[in-house]
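S.K.: One structure coming up, written as structure tokens, with questions to follow.
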Amino acid sequence: MKLKPETLEKLRAILKKDFGQEVNDQDLHDIAFNLVGYYDALMRFYCEDITSGRELLVPYDNEPAK
């Protein structure tokens, strides 16, 4: 997988700002690879669910009844 250098630098800035972590290039690439893999898996599971024909669970409605 090849990510744009600009994308990696955006991730580096997020890690520094939000988590106070400075990472080297290899760790940055590993983190990016893991994030992309995680979201790829979520998307595959979602697509599998919506195309399966099974009835899906309805999310909870947090609004109080009127």
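Since every read-out is calculated from the coordinates, none of them should be taken as a lab result. Predicted model, so just to flag it, every value in this text is computed and none were measured. Cβ placement follows ideal geometry from the backbone for every residue including glycine, while neighbour counts extend to all protein chains displayed.
S.K.: For a label point 7 angstrom out from the Cα of residue 9 toward its Cβ, which stretches of the range 28-57 have the backbone nitrogen within less than 17 Å?
M.R.: So the set is 28-29.
S.K.: In the chain, with Lys and Arg counted as +1 and Asp and Glu as -1 at Cβ, which of these residues, 47, 7, 24, has the Cα nearest the positive end of the dipole, that is, farthest along it?
M.R.: Result: 7, furthest along the dipole toward the positive end.
S.K.: Taking a virtual spin label 7 Å from the Cα of residue 25 along the C-beta vector, which residues in the range 1-17 bring their backbone nitrogen under 17 Å of it?
M.R.: Flagged as within label range: 1-13.
S.K.: Apply the Karplus parameterisation 6.51 cos²θ - 1.76 cosθ + 1.60, with θ equal to phi minus 60°, to every residue of the range 23-36 and state each ³J(HN,Hα) to the nearest whole Hz, in sequence, with x for glycine and proline.
M.R.: Once rounded to whole Hz, the list reads 10, 7, 4, 5, 5, 4, 4, 4, 4, 4, 4, 5, 5, 5.
S.K.: Each residue of the range 12-21 in order: what ³J(HN,Hα) in whole Hz does its phi give by Karplus 6.51 cos²θ - 1.76 cosθ + 1.60, θ = phi - 60°, with x for Gly and Pro?
M.R.: Along the range 12-21, the couplings run 4, 5, 5, 4, 5, 5, 7, 10, x, 9 Hz.
S.K.: Under the rule of at least 5 residues apart or a separate chain, name every residue whose amide H is placed under 5 Å from the amide H of residue 21.
M.R.: 16
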